[in-house]
Every structure is written in structure tokens, then in C-alpha cells.
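See below for the structure under consideration.
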Amino acid sequence: MTARSAPGLILALDQGGHGSRAVVFDDCGSEIAASHVPVATQLGAEGFVEQDPLELTASLERAVLDVCQSPAVAGRPVRSAGLATQRSTIVCWERSSGRALTSAISWQDRRNAAWLARLEPRAAEIRRLTGLVLSPHYGASKLRWCLDHVPAVRRAADRGDLAFGPLSSWLLRCMVDGHPELVDPANASRTLLFDPQTLNWSPTLLDAFDIDVACLPACVPTCHAYGLLRVGASGIPVTACTGDQSAAAFAFGSPDARVALVNVGTGAFVQRAASPETPLPAGLLRSVLRSERSGAVYSHEGTVNGAGSAIDWLRSHSAIDVERALDSLAVQPGEDVPLFINGVGGLGAPFWLPGFPIEFVGDGDDRLRLAAVVESVAFLLCVNLDAMRESATLDAARISGGMARCDYLCQALADICGLEVHRHQQREATARGVAFLAAGQPPRWKAAPVDRSFRPRPNGPLRARYRRWIADMARRGATRS
């Protein structure tokens, strides 16, 4: 038995927009214990969305310590760990001291959209090199903004002491022995500076954004010897690092190209495994799911910015207990649900329109408005699923993430897209996926049991609302990029 496939516990670290999670699995993929520490987000003017990088680090360290000291885990050896993080969130720090020079600028942040517009003539070239669209949500324009507007960052750059990169690199630098400055391909690819074919930083893209490669972390494979994570007196080898959605693709084992993977958290994401030769539908993204020395596994991906964040928006505009209402949400025959124009965070795939309106079309009480917001998430997901089916057929969808607990969302998605939607008992897909990678992708990893399957039903009123929503979005300029 090889060291990578030896039995033992696996620690998954999942740093997300709403909190930090640490989950311990056995070597067959069964969850043993979990801990969660919430984190704050600061919203500012002009599209600013920030988090405190020290709080993110401390919250993850607290979650790790709590789960490792839990009765189910304490005293048992943890043989490896994997880290998954928000993609497109960046941090700048002083290389010599490790001192943070900026906030963690969120993937939701659009502060440098105006500057980015000057690269529009090169948008097709950038898409060809990266598989992405030119968007302020990605890291490069944020790094450029820090160089242009944060004096401490500029001074560190002038004296050759600046380091910056994805949030994953900051967390590795803070939490792993030796303070490595490394980045995996999934997180690197969400900077708009990475070439997924060479699996390294692109000189062409670095030149386009005027970024010095010396400030960036070294590119390494997804599964790599990142170093030892200190937990008390023990050291746990970190053997995998990736982005949250790339990890989620492995929650149920190696991904099946015929099954769409839908993960609904702060944002919602839908992806499918796809070879590099598979044509990329307009408006969708090509992502790196995993890389090894011998090559990489890729996917087609669609993103929805307003999912859990849209529920958060509604919470501040509603008097009902949104969390409780989500669990029991239903629409009765004859009820007239309004449409929700879901521009929360701007429109992602396949439209790519920052600053899109946020408003209801039609009247309804707070419960029906909640239904409209949930339906808008399903509508946006369905647009992406329809685009995916242009390159290859899909047989089913698997849904995970915090909002997957909402039966109404799962059934609405099945009814609109015409696919059977499977919800598994293990709904936090990111942690399970990165644990599978950190464990060495063992063949004995158990399939996650299905909690419920939602079969498509004839739902004329919902389909009619979907058609009206498509038309209303088009009138506002939301057509596929």
C-alpha cells in the first residue's frame, strides 16, 4: 500500500465567503467531525467588497483546532490535509515580514471595472489564452488597482518586497511551515494571468496588466507537497490545494462529463468535465479542475453571482424570517409570483454585465418575493445548463451547497431544465471534494448517498415565468456574450 493510499483521517479546510470550515473524513469519505467559524464581509461604494485577511486566517485556524480537538478526532492521526478557497479573491503582503498590505479583495468586488475597459480590444485574445471573459471579478484588475492606489503596495514593489496573489496563497503562507508562496492552477487561473495550457503564468497576460511575475507565487500542481500545517504540536502534510468550485467537482469522486455539477453558495456555479477539444459555448468559461505533472482535467463552467448573496439582499428588504421560509417555501396553484431581475453582484455567465439592475417585476408579498428570488437563481442556472448542452448532452445534475437544502430551488431547476436533479446527503461539496484530492483520489472512496432526487414535472406557470424572465432580461440587454 502506497503512502498516498494508506488509511487514516483526512482534514479538509474550506475557506468561503460566509465562513471557514474544517471537516475531517475517514479514508472512505465518511464525515467524522466538522467545525465552522463565521467571517464578516464589508461592502463599500463603487463595487468594493472586502474581508479582513487576518480574520480569514484566524477563523480557519480556529476551525482546524476545534475539529482536531473534537472527541471524534482527538488522539487519532490525521495523515493529510487539503485546502479549498474562494477563487478570484486576492491579498497583497510584504514578503519579508508576511504583513498584509491590503484587505482580502473579494471575488465579488468590481472596483476596477473602468480601468479594465481599456483592455476590451484584447478581450478575444484574453479569452483564447485563458478560457475566461474579461471581467473585473477576476484577480488581475484588482492587483493592478492595488499597485495604482495603495501606497504601501507601491512602496513594497519599489523595494522588491511585494508579494501578492490568490487568497489560497496568502493562507498557505500564513499557516504552513516555511511560509511557502505557491499557487495551484484553479486559483491561479482566476487571475486572468495564467495560461491553462502551459499551467504557468502567461508572459503575454502579465504584460497586458503590467504585473511583475516576481511578485506572484510559484505555480505548482493541484496535488503537491505544500508543507506541514501546524495543529498544536503536530504537523499535518498539506497535499492538495484548489479553488472551492474545482474542489466541489470531486465531491462525488472523479467527475462524469454527462452529469452537471451545481454548487449553490454565496454565488452559484454549474460545471461539467470537458476535454480541451470540446467546443466552449459562448459565454461560458473553461476551467482547470485538477492538474498533475502529466497534464490536467478541464471543465466548462457557468457562474451566477446572485445566489446566497441574493438571499442576503432580500433579507435586508423583507420582514420575514428568510432562513426558515426557505426550508418550507412553496407556491400554490394560482399564485402569481413576480419576476426578480437578479443583478446582485452583476450578471455572470453567460451574460457578463456588471452593474445590472436589481428589482422585482410585478407585485407579491414577502413569501412570493422570496419565491421570485429563488426562481431567479434557478433561471440563471438553467441558462447556463442550456448553453452547456450545446457542446455535449447532459443526463442529470447534482446539486450541493448551502441553498441546496431548499426543495423549491431543486424542484424548480429540474422542472425548467428538464434534468433529474440529485441532492446528496453530503451537501457541502467543497470540503468533501478537496478531501478526496488530499487523500490521493482513493478507489475505496464511497459514493455520497442521495438524499432526494427531483424529477422534472410539467409546470406550465413556472415555465411561463421563465419565458417572461428571458424576454425581460433581453430587453435590458442581457444576451449571451
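The values are calculated or read from the model by the stated rules, or taken from the named source; none is laboratory data. It should be emphasised that the depicted structure is a prediction, and the values quoted were computed from it without experimental measurement. Cβ atoms come from the backbone with ideal geometry, glycine included; neighbour counts cover every protein chain shown. To get the accessible areas, we keep the full protein, side chains included, count just its heavy atoms, and leave off ligands, DNA and RNA. Shrake-Rupley method; radii C 1.70, N 1.55, O 1.52, S 1.80 Å.
Observations, loosely collected:
- Per residue accessible area of the stretch 36-86, 1.4 Å probe, in Å²: 47
- Under Karplus coefficients 6.51, -1.76 and 1.60, residue-wise ³J(HN,Hα) of the stretch 379-384 in Hz, glycine/proline x: 4, 5, 5, 5, 4, 5
- Residue-level accessible surface for residue 370, protein heavy atoms, 1.4 Å, Å²: 0
- Spherically averaged projected area in nm², based on the convex hull that wraps the Cα atoms of the stretch 287-362: 8.0
- Square roots of 5 times each gyration tensor eigenvalue, C-alpha, the stretch 76-229, largest first, Å: 25, 19, 13
- Accessible-area rank, largest first, for 54, 413, 199: 54, 199, 413, with all protein chains present and a 1.4 angstrom probe.
- Legend: Rg and Dmax of the stretch 229-342, from Cα coordinates, 19.3, 63 Å.
- Annotation: amide H-H contacts under 5 Å for residue 20 (H modelled 1.01 Å from N, sequence separation of 5 or more, or interchain): 37, 39.
- A straight chain from residue 54 to residue 475 at 0.36 nm per residue would run longer than the Cα-Cα distance by 147.2 nm.
- Computed with a 1.4 Å probe on the full set of protein chains, the accessible area for residue 41 sits at about 60 Å².
- Convex hull per residue volume in Å³, alpha carbons only, for the stretch 1-128: 176
- Per-residue SASA remark: residue 115, around 40 Å² accessible (1.4 Å probe; ligands, DNA and RNA not included).
- Built amide H within the under 5 Å cut-off of residue 451, gap 5+: 423, 424, 425
- Percent carbon-and-sulfur accessible area, the chain, ignoring ligands, DNA and RNA, probe 1.4 Å: 52
- Pair-distance profile P(r), taking every C-alpha pair of the stretch 406-449, with 10 angstrom steps and integer %: 24, 39, 26, 12
- Percentage relative contact order, the chain, counting C-alpha pairs under 8 Å, at least six apart: 15
- Per residue, the accessible area of the stretch 220-308 comes to 29 Å², computed with a 1.4 Å probe over protein heavy atoms only.
- Between residue 99 and residue 120, the distance separating the two model label sites (each 7 Å from Cα on the Cα→Cβ line) works out to 4.1 nm.
- Isotropically averaged projected area of the stretch 25-94, using the convex hull of Cα atoms (one quarter of hull area), nm²: 6.6
- Shape analysis of the stretch 336-481 yields a ratio of the Cα radius of gyration to the Kirkwood radius, Rg/Rh, of 1.01.
- In terms of overall dimensions, the stretch 256-408 has a Cα radius of gyration and Dmax of 16.7, 58 angstrom.
- Overall shape: oblate for the stretch 246-291, with the ratio a/c of the largest to smallest alpha carbon gyration tensor axis at 1.5 or above and b/c at least equal to a/b.
- Calculated FRET efficiency for the pair residue 72/residue 43, C-beta based, R₀ 35 Å, to 0.05: 0.40
- Long-range Cα-Cα pairs in the stretch 131-187 (distance over 16 Å), rounded percent: 55
- 181, 375, ranked by accessible area, largest first (probe 1.4 Å): 181, 375
- Shown here: the stretch 62-114, whose C-alpha atoms stretch 53, 28, 17 Å along the first, second and third principal axes, sorted largest to smallest.
- Stretchable slack from residue 258 to residue 361, in nm (0.36 nm times residue separation minus alpha-carbon distance): 33.5 nm
- Value of [θ]222 nm, deg cm²/dmol, for the chain, DSSP H segments ≥ 4, -39500 (n - 2.57) each, nearest 500: -9000 deg cm²/dmol
- Sequence-ordered 3J(HN,Hα) estimates for the stretch 321-329 from the Karplus curve with 6.51, -1.76 and 1.60 and θ = phi - 60° stand at 6, 4, 4, 5, 5, 4, 5, 10, 4 Hz, glycine and proline given as x.
- For q = 0.26 Å⁻¹, Debye-computed log10 I/I(0) when each Cα of the stretch 218-268 counts as one equal scatterer: -1.01
- P(r) tail fraction, the chain - alpha-carbon pairs more than 40 Å apart, %: 16
- Rg ratio for the stretch 359-406: its Cα radius of gyration over 2.2 N^0.38 Å, N being its residue count, equals 1.44.
- Dimensions in Å of the stretch 81-172 - Rg and Dmax from alpha carbons: 14.0, 43
- Global form of the stretch 156-299, assessed from the alpha-carbon gyration tensor, a/c cut-off 1.5: oblate
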